[in-house]
Amino acid sequence: MKIMAALLLFSSLAVAQQGEKPLDCKPWDLGVWAAGGFSVPGGTKDTHTVNDGIRLGKVLTNDLGGGFLRGNFEWSADLIPDYYLWQPTPAKNAYSTAFNPLNLKWNFTHAERTVPFLELGGGVLFSNRAVPLNTSHVNFLTHATLGFQFFNTERRAFTAGVKYEHISNAGLTVPNPGINTVQFMVGMNWFR
């Protein structure tokens, strides 16, 4: 009788665990990523970027809403040790470091293994040269990202996305032409 009760208890726990989706239970998000892209109209032309980063995030809510909009809210921060900008002549290329302390992300959790997301975020960029030419070594970053997390295990996802990013000195110097880029990103995230 005790063995039967133990088997029933373990089988019910296994069923409950199998019913969990990857972002249930408000996990921490640890990730690495790389991105690159090019400038688009609305700012300095002919600029290209390559950057990589480390992410720390936290899913803050359980699933909210219904249907295909159902999802959860996540906060994250990115440390970007390498942010390289190819600038048009006569400007010189710039090595930069950035920190995005505020990324606000909505994970659409309707599907179990492919989780689309929308993200808005921003931070600060420090460069060894003025970005763009004759402006500032300190700029601010704002971005909007549409991406997908493809879970290949219960707690690990390959991430791919498209990011629109605006780089501007926010009026610290004049002129302030800014740079608008579209970047393609890939990464790997672990949820614990």
Problem - Pair Arg113, Phe150: separation of 7 Å Cα→Cβ label points (nm) - result: 1.1 nm
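Given a cut-off of under 8 Å on Cα pairs at least six residues apart, what relative contact order in percent is computed for region 39-171?
Numbers: 328 pairs, mean separation 23.0, N = 133.
Dividing the mean separation by the residue count of region 39-171 yields 17 percent.
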Fill in the blank from the handout: In nm, the gap between the two label points placed 7 Å beyond Cα toward Cβ at Phe99 and Phe38 is 3.4 nm
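Values in this text are rule-based calculations from the coordinates and carry no lab data. Since the structure is predicted, the reported quantities are computational estimates derived from the model, not experimental observations. With ideal geometry, Cβ positions are generated from the backbone for all residues, glycine too; neighbour counts draw on all protein chains shown.
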